[in-house]
Amino acid sequence: MQKLIVGNLKMNLLTIAERDRYFESFKKELKAKKLLDSKIVICPPSVHVESFVKKTKTKTVSIGAQNIFWEERGSYTGEISATMLKDMGVEFVIIGHSERRKYFGETNETANSKIKAVISAGLVAIYCVGETREERDSGFAAQIIVQQIVEGLADISSAKVASVVIAYEPVWSVGSDSIPTSDEILETRILLRKIFAEKYGLQLADKIKVLYGGSVKVTTAKQLCIDPGMDGVLVGRESLIPMELVKIAEIISVSSEQGAVNNK
């Protein structure tokens, strides 16, 4: 299964000059690396999306968006629809990120509306789920994740849910240096597979990609992605440094290829 390395640039690259320097550095780093059966997805701020599509999109690099509104068009000042992004060349959209939930009050229900809009436009939704430190310490982590999946994917058919990517993003790890162990991530992966199997069947459950997100670095990529058998990563602050993002992609790509060879 192809690995996804998603870079969420968040509200950064404040100037055109800064953006252009990113382009130059990214192209240089990518040219020096060979990615085997892996795809990098860069999610820039919306004002830079069109430029990223023109400057960086290739067979191994796709462009994503950090958010959308669930309506296709209308009097929704300041919003962007999935159809607009599709026309620009965007392929992925991050939905339900913990920062959207924290700062903008987004819920599982609003995530559900947005996921449906993303699927309808023919794009891939990267749906973020994960527990807070308080929820984890109280023993409710599994319950929270189940609720996020059930409510976030409500009324989405088996035929359509296959195009959704899940990003397990423990909120307590985002933007910090506190990370879960490989076994803890594996437990969540198993939980997610169980939910999918019960809801959509075993065959489809094996097709749904599950990424890990939260303090992903070159030094933690193995522990957070490779060891627990995840299908890729959602990278935050490290994605602002092209060298780091591409190196993470290379580590995951090479390890994935080695694993495939060993299993033959």
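Here are the numbers for the structure shown:
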read-out: Complete set of residues in region 227-238 that are assigned to a helix (DSSP H, G or I) and under 17 Å from residue 98 (Cα atoms); value: 237
read-out: Complete set of residues in region 201-226 that are assigned to a helix (DSSP H, G or I), at pLDDT below 95 and not aliphatic (A, V, I, L, M); value: 203, 222, 223
read-out: Condition met for residue 198 (part of a helix (DSSP H, G or I), charged (D, E, K, R) and crowded, with 19+ Cβ neighbours inside 10 Å); value: no
read-out: Single unsatisfied condition, residue 188 versus (1) in a helix (DSSP H, G or I); (2) among the polar types (S, T, N, Q); (3) farther than 23 Å from residue 111 by Cβ; value: (3)
read-out: Flag if residue 46 is of a type in the set (Gly, Ala, Ser), closer than 13 Å to residue 246 by Cβ and in contact (Cβ under 8 Å) with a residue 12 or more places away in the chain; value: no
read-out: Test: residue in region 23-31 that is surrounded by fewer than 13 Cβ atoms within 10 Å (Cβ to Cβ) and touching a residue at least 60 places away in the same chain (Cβ under 8 Å); value: yes
read-out: Filtered residues of region 196-217 (kept if closer than 25 Å to residue 175 by Cα, small (Gly, Ala, Ser) and free of Cβ contacts under 8 Å to residues at least 40 places away in the same chain); value: none
read-out: Inter-residue pairs, beta-carbon under 6 Å, first of a type in the set (Gly, Ala, Ser) and in region 147-160, second modelled with pLDDT of 95 or more, 6+ apart; value: 152/108; 152/111; 152/112; 152/127; 154/112
read-out: Only one of 127, 76 that is surrounded by fewer than 17 Cβ atoms within 10 Å (Cβ to Cβ), touching a strand residue (DSSP E or B) at 6+ places or on another chain (Cβ under 7 Å) and on the phi < 0 side of the Ramachandran plot; value: 76
read-out: Pick from region 32-48, criterion among the basic types (Lys, Arg) and over 19 Å from residue 89 (Cα atoms), ranking: surrounded by the most Cβ atoms within 10 Å (Cβ to Cβ); value: 33
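Every residue, every condition in (1) under 17 Å from the mean Cα position of the chain (by Cα); (2) farther than 21 Å from residue 2 by Cβ; (3) in contact (Cβ under 8 Å) with a residue 12 or more places away in the chain; (4) crowded, with 17+ Cβ neighbours inside 10 Å, yes or no:
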{"position": "173", "(1), (2), (3), (4)": "yes, yes, yes, yes"}
{"position": "178", "(1), (2), (3), (4)": "no, yes, yes, no"}
{"position": "186", "(1), (2), (3), (4)": "no, no, yes, no"}
{"position": "194", "(1), (2), (3), (4)": "no, yes, no, no"}
{"position": "219", "(1), (2), (3), (4)": "no, yes, no, no"}
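The values are calculated or read from the model by the stated rules, or taken from the named source; none is laboratory data. Worth saying up front: this structure is predicted, and the values here are computed from it rather than measured. Positions of Cβ are backbone-derived with ideal geometry, glycine not excepted, and every protein chain shown enters the neighbour counts.
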